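The structure appears below as C-alpha cells.
The values are calculated or read from the model by the stated rules, or taken from the named source; none is laboratory data. Since we're looking at a predicted model, the values are computed, not measured. Ideal geometry is used to build each Cβ from the backbone, glycine not excepted, and the neighbour counts take in all protein chains shown. Areas reflect the complete protein model, heavy atoms only, side chains present, ligands, DNA and RNA absent. Shrake-Rupley method; radii C 1.70, N 1.55, O 1.52, S 1.80 Å.
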Amino acid sequence: MERKHMSAFALYQTLSTDVSPPAKKPSLQVATKKKKKKENGVAAKEVNTLKAQMKSERKKVRKKLPKAAQREASLKGNTEKEECVNGNAEALDALLADLAKVNNSRDRASKLFQWLIHPIPVKAFFRETWEKKPILVQRKNPDYYKGLFSTAEFDRILREEDVQYGVNLDVTSYTNGKRETHNPPGRALPFTVWDFYESGCSLRMLNPQAFSSTVWNVLSILQEQFGSMAGANIYLTPPGTQGFAPHYDDIEAFVVQLEGKKHWRVYNPRTDDEVLPVHSSPNFDQADIGRPILEVVLEAGDLLYFPRGFIHQGDCLPDAHSLHITISSYQKNSWGDLLQKVVPAALEIAVEEDVEFRKGLPLDYLTYMGVQNSDKDDPRRTQFFSQIDKLMTKLKNYAPVDAAVDQKARDFIHDCLPPMLTPEELASSVQGAPARWECGQVIDVGARISTQTRVRILRAGCARLCSDGEAVHLYYTTDNSRVYHKEELKSFEIKPEVSIGRAVQSSCFVHGVLMMLSPPNDHNCFFFQHTDAIEFLIHSYPKFVTVGSFPCGSEDDRVNLAELLFEREIIHTAEPL
C-alpha cells in the first residue's frame, strides 16, 4: 500500500496539546520591549505586546489555501528571477563599494539612506514625512533593491545556518480574522519550513543581519543615520495568503519590496493616544480600524514608509508570492524616554541639595487634596498647586541632561551592530595585523605603533566617553555581536594621567566628564590627559592624526593608549602596519 505523505503543517496539528511550542522571542526591532531596565533606581515599564501568540490547543487546518498547482507555477516562474536576484547583485555591490570610499561614516549613512528612499530628498523626508505620515515610492524598477536579499538566500540560510524556530524564524497565519503562530520546537530545516510555506503559512526571519552579510552591512551603516538601532525582519508570504493581523508598531518602518508583490492597507492612528505610541498594539479586528488612508500593491523595487502608530496589514494576491524586508528604527528614542532618565535623577539631586524639596507637606493636605476632594472649591488647593509649580520650575535647574544623554548613548552603543569593515579597513585594523603561524614558528610580530603612526577611530559613532561621576569609561561597538545583545556592553575604564597642582577645592562635570578644579586664579588645575586624548581622537574624525599628537604626558603614554585602542579595534591606521 502506498504511504500517504503528511505535510509538516498537518503533522504539527497532530502534536499532543501537552507539548506547547516554545515562547516566541522578539525580533531585533522589538527585543528591547522584553528587557527590564533600571535607571536611577526607577524601573522602566515592561512592554508586553506579544501576548497570547503561542497556544497549546490543536491548530485548525486552513479552509482556503491557494491551489498547489498555482503555487508551484508561481514558484517555478520566479525561480529564474530569484537566481538573478541572488546571483547578480552588481548594482548594490557597486553602491556599497562606492560608499566604502566615502571618508566619513556619517556621510556614508546619509548617502545610503538617500538610496533607500530615492527620489525623495533626505532633508524633505525628515522635514515633511518622518513621524508624520506614510509615504509611497513606486519605481517600476524591479531590480532597484537587487542583491539586498532574496528567496534563494532565504533557502541557503535554512540549509547552512542554525536557524531556530521562535528565535530566528516564525511560522504564522491569519485566516478568518484569527492570527496564529505555528512554531515547532528546535531547528528550522528546509524540509519542514517549505512544507509549512506550501500549506499557506508565512515565514518571518527575525534577525537576518545575523546570517546575511549584505543586510548586516546596510543596517550597520544606516544606524548612524538614525542615531538609533536599525533592525530588520524578512517576510516571505505565499500567494493568496496573509500572515499577520492588523496592528501598529512602536518603530519607524521602511517596507522594502524585494520580490513578487503585496497588497497593503494603512490606517490612521485611531486616537491621539495612539500617535507615536510607546508600545506596539495587540492584534485588531477589522471592525476596529475603520477605512484605510492608503491602499496599494507594492511591487519589487517599491518602498512604503509609515510612522509608528499607523495601523497596517499586508496580504498576497493570488498570482504571486511576496518577499519584503522591513527596516526599522527609533524604538524608545523619544523626548519622553530621555526625560524618564532625567527627571528621577534631577529629583534625587534636588532633594539632596535644596531644602525646599525636603520641607514637609502641610499637616492637613489629605483633607483637601486627592481625587475625592478634586471638586472642592478650596483656596488651599490653589496654594498647594502653586507650590508644586514652584518646585517643578526649580527642578529643571538640577536636571543632569548630559548624563542622561550619555545613558541613552550607552543603550544605543549596546544595541548597535558592529561595523562591517571594508577591505582597506580590514588591512589597517588589528584584524589585518600580519602576525601569524608559518613554517613552524610565529612570524611578523614585530610591527608596532609609534608616535609617527597615523590613526583614527573606525567609525564616527563606534566609541563614546561617559562618566558616572566616579570613573570615566570608553564604550564601544566593535566587539558587539550581529545577534542582538548576545554580548554584554563593552567598555573599559580610562585611567587618568594627572598633572598635579594645588589642593583640590571643587569638582564639576564638563561634557559628561568629571573635571577636578583647583582654587580660583590657579592655572595648574587637574586634568585627565587620557580622556583628553580620546576626546581629541573622536573630535578629529574623519581625519587621521599622529599618535605623537595625542595630548598625553609622555611618548610612552601616547603609544600605550594607541596600542590599547588598536587592540580593541576602536582605531585603525592610515597604512597597514
**OP:** Normalise the Debye intensity by I(0) for region 265-320, one equal point scatterer per Cα, no solvent, then take log10 at q = 0.20 Å⁻¹ and round to two decimals.
**Re:** -0.82
Original post:
Fully extended, how many nm does the chain gain between residue 365 and residue 392 (0.36 nm per residue separation, minus their Cα-Cα distance)?
Top reply: 7.9 nm
Original post:
Can you give the translational diffusion coefficient of region 147-212 in µm²/s, computed by Stokes-Einstein from the Kirkwood radius over Cα pairs at 4 °C and 1.567 mPa s?
Top reply: 106 µm²/s
Subject >> Convex hull projection area averaged over all views, region 327-388, Cα basis, nm² >> reply: 6.8 nm²
Subject >> Evaluated over region 112-252, the Cα radius of gyration and Dmax, each in Å >> reply: 16.8, 48
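Kindly identify region 244-384 as rounded, prolate or oblate by the Cα gyration tensor criterion: order the square roots of the eigenvalues as a ≥ b ≥ c, call it rounded if a/c is under 1.5, otherwise compare a/b with b/c, prolate if a/b is larger, else oblate. Intermediate results must be reported in sequence, preceding the final value.
Values: a/c = 5.31, a/b = 2.44, b/c = 2.18.
Taking the square roots of the gyration eigenvalues as a ≥ b ≥ c, region 244-384 is prolate.
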Original post:
Looking at this model, which pairs from 332/543; 341/543; 146/543; 133/394; 261/486; 332/396 are more than 27 angstrom apart at the alpha-carbon?
Top reply: 332/543; 341/543; 146/543; 133/394; 261/486
Subject >> For q = 0.08, 0.11 Å⁻¹, Debye-computed log10 I/I(0) when each Cα of region 306-444 counts as one equal scatterer >> reply: -0.58, -0.80
Subject >> Where a label projected 7 Å from the Cα of residue 194 along Cα→Cβ would reach, residues of region 221-246 with amide N under 18 Å >> reply: 236-239
Original post:
How far apart, in nm, are two points set 7 Å out from the Cα along the Cα-to-Cβ line at residue 487 and at residue 164?
Top reply: 1.9 nm
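What is the Cα radius of gyration of region 93-184 over 2.2 N^0.38 Å, N being its residue count? Before the final figure, lay out the partial values.
Details: Rg = 18.5 Å, N = 92, 2.2 N^0.38 = 12.3 Å.
Compactness ratio reported: 1.51.
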Original post:
On full extension of the chain, what length is gained from residue 385 through residue 564, given 0.36 nm per residue of separation minus the C-alpha to C-alpha distance?
Top reply: 58.9 nm
Original post:
Averaged per residue, what accessible area in Å² does region 94-173 show with a 1.4 Å probe, protein chains only?
Top reply: 46 Å²
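If you roll a 1.4 Å probe over the heavy atoms of the protein chains, what accessible area per residue do you get for region 424-493, in Å²? Let's see the in-between values first.
On the way: 3680 Å² over 70 residues.
With the other protein chains kept in place, region 424-493 gives 53 Å² per residue.
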Original post:
How far apart, in nm, are the 7 Å Cα→Cβ label points at residue 126 and residue 401?
Top reply: 1.9 nm
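At 0.36 nm per residue, and after removing the present C-alpha to C-alpha distance, how many nm does the segment from residue 348 to residue 334 gain when stretched out fully?
Values: separation 14, 0.36 × 14 = 5.04 nm, distance 2.24 nm.
2.8 nm is the gain from fully extending residue 348 to residue 334.
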**OP:** State the percentage of accessible surface on region 380-454 attributable to carbon and sulfur atoms; use a 1.4 Å probe and exclude ligands, DNA and RNA.
**Re:** 56 percent
Original post:
Taking θ as phi - 60°, what are the ³J(HN,Hα) couplings along region 331-337 by the Karplus curve (6.51, -1.76, 1.60), each to the nearest whole Hz, with x for Gly and Pro?
Top reply: 7, 6, 10, 9, 4, x, 5
Original post:
Taking the Cα-to-Cβ direction at residue 454 and at residue 439 and moving 7 Å from each Cα, how far apart do the two end points lie in nm?
Top reply: 3.3 nm
Original post:
Roughly how many whole Å is it from the C-alpha centroid of region 200-279 to that of region 424-469?
Top reply: 37 Å
Subject >> Packing-based order for 246-254, 272-280, 157-165, using average beta carbon neighbours within 10 Å, highest first >> reply: 246-254, 157-165, 272-280
Original post:
How large, in percent, is the carbon and sulfur part of the accessible surface of region 233-366 at a probe radius of 1.4 Å?
Top reply: 54 percent
Original post:
Taking amide H positions as placed 1.01 Å from N in the peptide plane, with prolines and chain starts having none, which residues 5 or more places from residue 188, or on another chain, fall under 5 Å of its amide H?
Top reply: 163, 164, 165
Subject >> Three-way shape label, region 198-297, alpha-carbon gyration tensor, a/c 1.5 >> reply: oblate
